[in-house]
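Report on the structure given below.
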Amino acid sequence: MVAAEPTEEKVNNLINPPSYSNYDELDADEDRVVNLDHGDPTMYEKYWEKEGDKTTVVISGWQSMSYFSDVKNLCWFLEPTLGKEVIRLHNVVGNAITEGRHIVVGTGSTQLFQAALYALSFGQSAQPISVVSATPYYSFYRQVIEYLKSGLYKWVGDTANFSEDGPYIELITSPNNPDGFMRQPVVNGSGGMLIHDFAYYWPQYTPITSPGDHDIMLFTVSKTTGHAGMRIGWALVKDDEVAKRMTKFIELSSIGVSKDSQLRAAKILQAVSNSCDNTGDFQNRENFFENSHHLIEDRWKQLRAAVKQSRMFSTPEFPPAFCTYTNRTFKTQPAFAWLKCESEAEDCESFLRKHKVLTRGGKHFGMSPQYVRISMLDRESNFNLFIKRLSTMHS
């Protein structure tokens, strides 16, 4: 039997779900499934919609035709304008040292993660190098490594189960995905090579306490500005040879990175930096990080209130810290909520699914199924409906 074609109205609601000003308006959507499994950062749409043409990019048909961007640069497919705006934004926020680093651009931090694994493991050992990360670890790490089945490296998993023997690669996500805590290396062995994933080290999510100063640091436009569909990330790499091998990996896998996406990313990052500059022509701009910070802060207040009302769940508590960017003290407010079922429900993911809320269970992160990861960055309509349902769950 052939399924009926979705109506134009249903398709439009999937692409642009209706927004709601209060919970009473949600009653008509009681049967709708709320998918908070993925970290799709559609929360940022409203800010960029208000920005209007400030981020519009026009590319003529004759532009961006060559494979090459700057043949003098180690990363020869990096658009100079993007490199310039990456450095400017890090200097504005103070979350990473760019001096003495190579910028390697990739198709999101996903490709850069694979490039870094290749660069660090190439020629190191006759046996696959162990890759470890403390639990709860980002679920995608394990999926990518096991999917690729590389002979250069292998997934070992939790650092607690790792016995140091020869070279290894440790993955440090800080703030961590899924639980939001700041992370430091755990193994600290003499043969260790580190990859620091700083996708969420921005002031809307966590206090910027000091600039990152590590050998390999990964960032992504997806979680910085919300433009996940642009598929642009960048790595700040200290070692020349590692940067060359990362560049080679991207060359072999995709012959560079889309110039069009890079030019758009440069325009977006420029707009963010401009919004932080309250002088000259940029006065009275709405600061992107301030706007995003307050929005996520409000969502966390709603979540904690719903959790308290339900009395079935718990969420992590984060210590306050002084942020050098905002010049004030606040607590981390992660892009994901690490929710634990404190009731008799042993499988929190299945329990929430019965209430038409899709999440990612703890087993994917090396943890108990009592935990789930929930995106805090979805559209307002989905988040409000989730909060309403969560606050009324009692069994």
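The values are calculated or read from the model by the stated rules, or taken from the named source; none is laboratory data. Keep in mind that what you see is a predicted model, and the values were worked out from it rather than measured. Methodologically, a virtual Cβ is constructed for each residue, glycine included, from the backbone with ideal geometry; neighbour enumeration extends over all protein chains shown.
The table below gives the values:
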{"item": "Positions within segment 152-208 being of a type in the set (S, T, N, Q) and either within 23 Å of Lys363 (Cα to Cα) or out of contact with any helix residue (DSSP H, G or I) (no Cβ under 9 Å at 6 or more places or on another chain) (or both), in sequence order", "result": "Thr159, Asn161, Ser163, Thr173, Ser174, Asn176, Asn177, Gln184, Asn188, Ser190, Thr206"}
{"item": "Selected residue (only one of Ile59, Ile87, Ile15 is farther than 27 Å from Arg379 by Cα, modelled with pLDDT under 95 and aliphatic (A, V, I, L, M))", "result": "Ile59"}
{"item": "Qualifying residue in segment 304-315 (condition: closer than 25 Å to Glu45 by Cβ and touching a helix residue (DSSP H, G or I) at 6+ places or on another chain (Cβ under 6 Å))", "result": "yes"}
{"item": "From Ala96, Ala115, residue being under 13 Å from Met246 (Cβ atoms), crowded, with 22+ Cβ neighbours inside 10 Å and in contact (Cβ under 8 Å) with a residue 24 or more places away in the chain", "result": "Ala115"}
{"item": "Only listed residue being outside any helix (DSSP H, G or I), buried (at least 17 other Cβ atoms within 10 Å of the Cβ) and assigned by TED's automatic domain parsing to the domain that holds Ala243, chosen from Ser125, Ser130", "result": "Ser130"}
{"item": "Residue in segment 202-214 that is in a helix (DSSP H, G or I) and not assigned by TED's automatic domain parsing to the domain that holds Ser368 present", "result": "no"}
{"item": "Residue in segment 41-49 that is within 28 Å of His196 (Cβ to Cβ), assigned to a loop (DSSP other than H, G, I, E, B) and in contact with a Ser or Thr (Cβ under 9 Å, 6 or more places away or on another chain) present", "result": "yes"}
{"item": "Count of residues meeting criterion [in contact with a Gly (Cβ under 6 Å, 6 or more places away or on another chain), closer than 14 Å to Pro136 by Cα and surrounded by 18 or more Cβ atoms within 10 Å (Cβ to Cβ)] in segment 158-204", "result": "1"}
{"item": "Residue count, segment 243-256 (criterion: in contact with a strand residue (DSSP E or B) (Cβ under 8 Å, 6 or more places away or on another chain) and either charged (D, E, K, R) or more than 18 Å from Arg101 (Cβ to Cβ) (or both))", "result": "0"}
{"item": "Residue in segment 137-144 that is out of contact with any strand residue (DSSP E or B) (no Cβ under 6 Å at 6 or more places or on another chain), at pLDDT 95 or above and in a loop (DSSP other than H, G, I, E, B) present", "result": "yes"}
{"item": "Condition check for Lys84: out of contact with any Leu (no Cβ under 7 Å at 6 or more places or on another chain), at negative phi and assigned to a helix (DSSP H, G or I)", "result": "yes"}
{"item": "Residue check, Ser121 at pLDDT 95 or above, more than 30 Å from Val357 (Cβ to Cβ) and not aromatic (Phe, Trp, Tyr)", "result": "yes"}
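Matching residues to (1) in contact (Cβ under 8 Å) with a residue 24 or more places away in the chain; (2) assigned to a strand (DSSP E or B):
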| residue | (1), (2) |
| --- | --- |
| Glu146 | no, no |
| Ile169 | yes, yes |
| Asn177 | yes, no |
| Ala199 | yes, no |
